[in-house]
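Worksheet: the structure to be examined is printed underneath.
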Amino acid sequence: VSCLARQAQVAVERRSGPRFLRWYICGLCEQRYHGVARCALGWACWKTYVGRPEADETRKMAMTQLGNGLSSAGNNEDALSVKEAQLAMMRRLGAPEDQMLMVQSNLANSYQVLGRLEEALQLERDVYSGYLRLKGERDEETLIAANNHANLLILKHFEEAKALIRNTIPVARRVLGEGHRLTLKMKKIYAEVSYKNPDATLDDLR
């Protein structure tokens, strides 16, 4: 891991090339690291840049890598602590809204993994509303946020999930295309809403 960490550090110091990606994407196979390797690199990344000023962009990204690495290794409580601290820091620094939304979405993932569904739902609702206001309904990040929100809603709130995804699928078709991965994910969610909802009618299932 020390060799990978050094390679990533050198990549960040260069003015061109993959730079920070090398902390979480392999330079040989271009696949993302996962599990304990991702966690070890997350810690190495954080230790490399933690001494920089709190507002430093590379330090902020290192904190993200630490949280994601802990999540990848299944250390979910620790990941939650890091992500909550990161959100508090971003608020304190007055970070741009799009960065705040990204951190909130990561935090929602941790809440979901730990079974704190209502907190996850509220965050994903806020993230979707934020992207909708900031970038409009046709932006891909807004569509991803809508998909994430609907994916949580189907766990408890079937009608709300159905309404959201039914309104979003036509936009995804126009913006991304019928066969795009995100459009297909939305169709899958719509199908799940129909068969998981105990109050679904025969017309809903057709």
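Residue count for the stretch 29-44, restricted to those that are more than 19 Å from the chain's Cα centre (by Cα) and open to solvent by 60 Å² or more (accessible area, probe 1.4 Å): 4.
Checking the stretch 2-16 against the condition returns a match, with at least one residue being modelled with pLDDT under 95, more than 20 Å from Met100 (Cα to Cα), open to solvent by 40 Å² or more (accessible area, probe 1.4 Å) and touching a Gly at 6+ places or on another chain (Cβ under 8 Å). Output yes when any residue across the stretch 17-28 is hydroxyl-bearing (Ser, Thr, Tyr) and either surrounded by fewer than 19 Cβ atoms within 10 Å (Cβ to Cβ) or under 22 Å from Arg92 (Cβ atoms) (or both), and no when none is. No, because not a single residue in the stretch 17-28 is hydroxyl-bearing (Ser, Thr, Tyr) and either surrounded by fewer than 19 Cβ atoms within 10 Å (Cβ to Cβ) or under 22 Å from Arg92 (Cβ atoms) (or both). Quick one: would you say Leu93 is open to solvent by 50 Å² or more (accessible area, probe 1.4 Å) and among the aliphatic types (A, V, I, L, M)? When the stated conditions are applied, Leu93 passes them. Considered as a group, the residues in the stretch 125-146 that are among the hydrophobic types (A, V, I, L, M, F, W, C) and open to solvent by 60 Å² or more (accessible area, probe 1.4 Å) include one that is farthest from Lys188 (Cα to Cα), and that residue is Leu134.
When Leu114 is tested against (1) farther than 26 Å from Gly42 by Cβ; (2) hydrophobic (A, V, I, L, M, F, W, C); (3) open to solvent by 50 Å² or more (accessible area, probe 1.4 Å), exactly one condition is not met: (1).
The set of residues from the stretch 45-65 being closer than 21 Å to Asp78 by Cβ, open to solvent by less than 50 Å² (accessible area, probe 1.4 Å) and touching a residue at least 12 places away in the same chain (Cβ under 8 Å) comprises Cys45, Trp46, Tyr49, Lys60, Ala62, Met63, Thr64, Gln65. Applying the condition of being outside any helix (DSSP H, G or I) and under 24 Å from Glu118 (Cβ atoms) to the stretch 148-206 and asking which residue is modelled with the lowest pLDDT yields Ala200.
The values are calculated or read from the model by the stated rules, or taken from the named source; none is laboratory data. What you are looking at is a predicted structure, and each value in this text was computed from that prediction instead of being measured. For neighbour counting, all protein chains shown are included, and Cβ atoms are generated from backbone atoms with ideal geometry for every residue, glycine included. Side chains are part of the model used for accessible areas, which takes the heavy atoms of the whole protein and leaves out ligands, DNA and RNA. Shrake-Rupley method; radii C 1.70, N 1.55, O 1.52, S 1.80 Å.
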